[in-house]
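Worksheet: the structure to be examined is printed underneath.
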Amino acid sequence: MTRHVVVIGAGPAGLGAATAAVRAGARVTLLDSADQAGGQYHRMPPDAYEARRPFRICESERCDWWPGAAVWALERRDSGPPRVHVVRGPDADGDGRRRCVLRADALVLAPGAHDRVLPFPGWELPGVVTAGAAQVLAKGERVAVGGRVLVAGTGPFLLPVAASLLDVGAHVLGVLEAGTAGALLRGWTRRPWELTGQAGKGAELAAYAARLARGRVPYRTGRGVVEARGDGRVEEVVTARLRGDWSVVPGSEQVLTVDALCVTHGFTPRLELPVAAGCALLDGFVAVDEDQATSVPGVYAAGEVTGIAGAPAARAEGVVAGWTAGGGTPGRLGATRRRRDEGRAFASRLAAAHPIGRRWAGWLRPDTIVCRCEETDYGTLRDAAASRLDARAVRLGTRAGLGPCQARICGPTLAELLDTNPHHRPIAWPIRLGELANPPAEPKEGT
Amino acid sequence: MIGAGIIGTACARELALAGVRVTLVDRAGAAGATTAHGEGNVLVSDKGPGPELRLAQFSRRLWPEVAGDGTEWQAKGGIVVATTGEGARELTAFAAAQRAAGVRAEPLDPAGLASAEPYLTRDVTAAVHYPDDAQVQPAGAAQALLDAALGEGATLLPGCEVLGAEVSGGRLRAVRTTGGTLTADLFVDAAGPWAGALSRSLGAPIDVRPRRGEILVTTPLPPTVFHKVYDADYVGAVGGDAAELQASAVVESTPAGTVLLGSSRRAAGFDERLQPEILSVIAERALRLFPCLSGVPVMRAYGGFRPYVADHLPIIGPDPRLDGLWHATGHEGAGIGLAPGTARLLTDLITGRTPEVDAAPFRVDRPAVLRRGAA
Ligand SMILES: Cc1cc2nc3c(=O)[nH]c(=O)nc-3n(C[C@H](O)[C@H](O)[C@H](O)COP(=O)(O)OP(=O)(O)OC[C@H]3O[C@@H](n4cnc5c(N)ncnc54)[C@H](O)[C@@H]3O)c2cc1C
Ligand SMILES: Cc1cc2nc3c(=O)[nH]c(=O)nc-3n(C[C@H](O)[C@H](O)[C@H](O)COP(=O)(O)OP(=O)(O)OC[C@H]3O[C@@H](n4cnc5c(N)ncnc54)[C@H](O)[C@@H]3O)c2cc1C
């Protein structure tokens, strides 16, 4: 019988996986909560769509493409890969969604990552936005988040965001990279040969840098935003020089008047589905082998859940995962594997060049909000953490991470402060009580 | 004291207050196990006349005096509703028997019910108000109890797992732990659902088994549910047989605005895997009571393992087979509510005071506790 592969996430990794699984002879169900395929990278406004041809795999006869389909739970069984529980609607958050259950011979998890932002005093003020949100707004709606904007944080994502802001007419006051020049250089140049396959990426960054230079936007390393202030909205930010461990150099503070601040401290993989499937993690990402197989038989992972390396690497991983999941001949795909390995090397260099400084929590004050949903402050958390209660009891007591975002924003921060696993979210996508109460018909194979 | 859940912390506090020097050990941190994976209902409504009800009534009297800051103590009262003719007859008879046993159980007419719970279904055949039902935030309550115990001179050793016993002359002299050997005059097993395993490792097995329960949490809502509201089947589920899945609706709101929907009961060992069809049953039951919640998103599900004894009574007292070993466990789905009463009873027995409730029904020497092949 033909193998059935379910691919969750239709970003570069999931699209690669679906394509390769079909090529390997399998039947594929590809689903994404978004109503368009393409994932983060391609998430752009309607007018930008015209430039893009539809993804071919979504029209393949062997691939059932389900847009607006969110996976809300993975059900582990005694044998075989987990069953995939889906709410599927005209749109993934709208009315009239239906529940379905998919049974597969193999699963490919490709749910991507989301922006990570470290807290600092005032980060909850309106006008402080993630770089990802600013980017989507700029590229999508052609709207700048503000007139006078500062871009700060760490990672190569700072540059494209600043460039897009310039393109939509914002006055970008500067780009502040918290990493010191030394750390950046060490990370980027330790093994230059590993970058050959990623030359495109290097050129991309160079082009962004040139764009900033043309716009006379200063790029400074070893400097970060340590506070945002304002009355009901960000009006000014305090920047400071940071040491290698991100502690503040006293006396280096400067105040800048802004009307928006974009921050990014890298990306956090969306681990709820891998964790629900029982996959082992390694250094905060899903652990995978040469074939992208996770520790759970029949479950593969690809893309940013296994490391942050950009879209081409995510696609290469997806292709390897899909090929293996689809029953393709083992060991094939030499060139793709090489691209994948180069991507992984690039990812570890990125991580090395842009580490989160150990002492960042030094920016926090007792009244700094850590969990925005529940308004739990740093002082409360620190006291509770010192109480020798179990981390779970601390979270229940302080409510940190228990609000509507379910620690998707503050989870990594809580994990550092409390030593908890922030990714345990058996309900991976909100499901309405009414939907939950209507069980789907018997699990169906495929569609 | 082996185990720092709600039972271990409550007992440590009460013993320390009585002048006993207490060391509390837990293989993890305090209050992170069952106590942080359930709800905090402090109920008299779900118990029929008998020893558990007497312990619950006693415990309910003690709760306000032990509840301090951070426990989120709310004496909000409970409402039990029946939705069928048969259910109405059972509920009415049950409430009458409870009243005879001293429980405040006030029948509500439809108008009274509608003003008490405006969003509740109108398809109700009988409703009873229990003003004495209350709730706490269990992990916060355990922390308050722990802080009080530490304040009275008790010590806590987190990250310390008890592995075995050192017995001589028929007496438990010491326990071997991951942190070395600990000697004491008395050892109390407060290991919750792991009491079966712990007691086996100490050479005096008791039959306590895990009984899995799951709870759903909605996103925060404006006030919609004002009491703790249960369907009358709750009563049946509490007493029922362990093996098959049971679910009855328990709906309550928390101070954070979320609504908790509980809960299921089933024997599944220590298997934590999520089972969507069980969540479906919980949701379906809850919606029968509050159809208006149908469009509300569930943002979280969690569950834990109730420490279950086949005769549905906790185990509180000395082990007849091993001097120096005591048990305070097996509270199934009522350990939060029963914690202060259990602690007082245990302390009275240990210090030789006359207990206020009869301890005999909770003794270790019962068929359900000592039956052969104890799990
Ligand atoms: C604004 C922006 C600009 C970028 N620009 C560049 C660039 O110029 N060059 C570059 O190389 N990289 C860029 N990146 C990074 C690039 O987008 C990522 O490397 C790439 O998208 C990762 O691919 P992925 O398939 O792993 O994840 P994603 O593209 O994030 O795709 C994951 C998909 O899974 C879906 N999903 C998640 N959870 C569920 C669920 N429970 N149920 C159903 N579906 C689910 C999501 O909706 C999403 O569509 C950019 C990223 C962003 C955010
Ligand atoms: C879904 C659900 C809903 C519930 N709702 C309610 C409710 O509304 N009201 C109510 O009253 N009750 C409720 N309960 C029941 C209540 O949670 C339990 O009865 C109570 O928490 C049991 O407390 P405990 O201290 O005995 O066990 P635990 O909290 O599990 O504590 C036992 C401790 O012992 C430790 N331990 C175990 N073995 C060892 C060892 N060898 N060495 C050292 N330490 C060890 C563990 O780490 C643990 O911390 C519910 C339970 C569930 C699962």
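The values are calculated or read from the model by the stated rules, or taken from the named source; none is laboratory data. Since the model is a prediction, treat every value here as computed from it, not as a measurement. Glycine also receives a Cβ, built like all others from the backbone with ideal geometry; neighbour counts cover every protein chain displayed. Surface areas here come from the heavy atoms of the whole protein model, side chains and all, with no ligands, DNA or RNA. Shrake-Rupley method; radii C 1.70, N 1.55, O 1.52, S 1.80 Å.
Here are some notes:
- Listed by position, the strands (runs of 3 or more DSSP E) inside region B:93-180 whose residues that are more than 16 Å from ligand 1 (Cβ to nearest atom), in contact with a Gly (Cβ under 6 Å, 6 or more places away or on another chain) and on the phi < 0 side of the Ramachandran plot number at least 3 are B:171-177.
For every residue, the table says whether it meets (1) within 14 Å of A:Ala361 (Cβ to Cβ); (2) more than 9 Å from every other protein chain (Cβ to nearest Cβ); (3) in contact with a helix residue (DSSP H, G or I) (Cβ under 7 Å, 6 or more places away or on another chain).
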position	(1), (2), (3)
A:Ala385	yes, yes, yes
A:Arg392	no, no, yes
A:Leu396	no, no, yes
A:Pro412	yes, yes, no
A:Pro422	no, yes, yes
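- Of the set (1) modelled with pLDDT of 95 or more; (2) closer than 26 Å to A:Ile308 by Cβ; (3) not aromatic (Phe, Trp, Tyr), all apply to A:Arg148 but (2).
- For B:Glu332, the conditions (1) under 30 Å from B:Leu146 (Cα atoms); (2) within 14 Å of chain A (Cβ to nearest Cβ); (3) crowded, with 21+ Cβ neighbours inside 10 Å are fulfilled apart from (2).
- Lone unmet requirement of (1) away from ligand 2 (no atom under 13 Å from the Cβ); (2) in contact (Cβ under 8 Å) with a residue 24 or more places away in the chain; (3) within 26 Å of B:Asp46 (Cβ to Cβ) for B:Gly153: (3)
- Positions within region A:160-174 being touching a strand residue (DSSP E or B) at 6+ places or on another chain (Cβ under 7 Å), under 25 Å from A:Leu185 (Cα atoms) and within 16 Å of ligand 1 (Cβ to nearest atom), in sequence order: A:Val161, A:Ala162
- Qualifying position, being more than 30 Å from B:Thr224 (Cβ to Cβ), away from chain A (no Cβ under 14 Å) and either hydroxyl-bearing (Ser, Thr, Tyr) or within 24 Å of the chain's Cα centre (by Cα) (or both), among B:Thr155, B:Thr178: B:Thr178
- Selection count where residues are under 26 Å from A:Ala24 (Cα atoms), buried (at least 20 other Cβ atoms within 10 Å of the Cβ) and in contact with a Lys or Arg (Cβ under 8 Å, 6 or more places away or on another chain), scope region A:267-295: 1
- Screening B:Ala56, B:Ala36 for residues that are open to solvent by less than 10 Å² (accessible area, probe 1.4 Å), away from ligand 1 (no atom under 16 Å from the Cβ) and within 12 Å of chain A (Cβ to nearest Cβ) leaves exactly one candidate, B:Ala36.
- Restricting region B:193-221 to residues that are over 30 Å from B:Thr181 (Cβ atoms) and of a type in the set (S, T, N, Q) leaves a set whose member that is nearest to ligand 2 (Cβ to nearest atom) is B:Thr218.
- Selection count, region A:121-143, where residues are over 16 Å from A:Val370 (Cβ atoms) and either open to solvent by less than 20 Å² (accessible area, probe 1.4 Å) or of a type in the set (A, V, I, L, M, F, W, C) (or both): 11
- Here A:Pro366 passes the criteria (1) touching a strand residue (DSSP E or B) at 6+ places or on another chain (Cβ under 9 Å); (2) buried (at least 20 other Cβ atoms within 10 Å of the Cβ); (3) in a loop (DSSP other than H, G, I, E, B) except the one numbered (2).
- Filtering region B:15-33 to residues that are among the aliphatic types (A, V, I, L, M) and buried (at least 22 other Cβ atoms within 10 Å of the Cβ) leaves B:Leu15, B:Ala16, B:Val22, B:Leu24, B:Val25, B:Ala30, B:Ala31, B:Ala33.
Yes or no, residue by residue, for (1) more than 16 Å from ligand 1 (Cβ to nearest atom); (2) assigned by TED's automatic domain parsing to the domain that holds B:Ala191; (3) among the hydrophobic types (A, V, I, L, M, F, W, C); (4) assigned to a loop (DSSP other than H, G, I, E, B):
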site: B:Arg273; (1), (2), (3), (4): yes, no, no, yes
site: B:Arg285; (1), (2), (3), (4): yes, no, no, no
site: B:Arg288; (1), (2), (3), (4): yes, no, no, no
site: B:Ser294; (1), (2), (3), (4): yes, no, no, no
site: B:Val298; (1), (2), (3), (4): no, no, yes, no
site: B:Tyr302; (1), (2), (3), (4): yes, no, no, no
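- Filtered residue count, region A:99-114, keeping only those that are away from chain B (no Cβ under 14 Å) and either at pLDDT below 95 or at negative phi (or both): 10
- Test: residue in region B:322-342 that is farther than 26 Å from B:Ala142 by Cα, more than 11 Å from ligand 2 (Cβ to nearest atom) and not hydrophobic (A, V, I, L, M, F, W, C): yes
- Residue match in region B:186-193 (condition: part of a helix (DSSP H, G or I) and in contact (Cβ under 8 Å) with a residue 60 or more places away in the chain): yes
- Filter result for A:Arg358 (more than 23 Å from A:Leu125 (Cα to Cα), within 16 Å of ligand 2 (Cβ to nearest atom) and open to solvent by 60 Å² or more (accessible area, probe 1.4 Å)): no
- Entry remark, region B:285-323: residues being more than 8 Å from chain A (Cβ to nearest Cβ) and of a type in the set (S, T, N, Q) number 0 in total.
- If you go through region A:402-438 and keep only what is among the acidic types (Asp, Glu) and part of a loop (DSSP other than H, G, I, E, B), you end up with just A:Asp419.
- Of the residues making up region A:376-384, at least one is open to solvent by less than 60 Å² (accessible area, probe 1.4 Å) and part of a strand (DSSP E or B).
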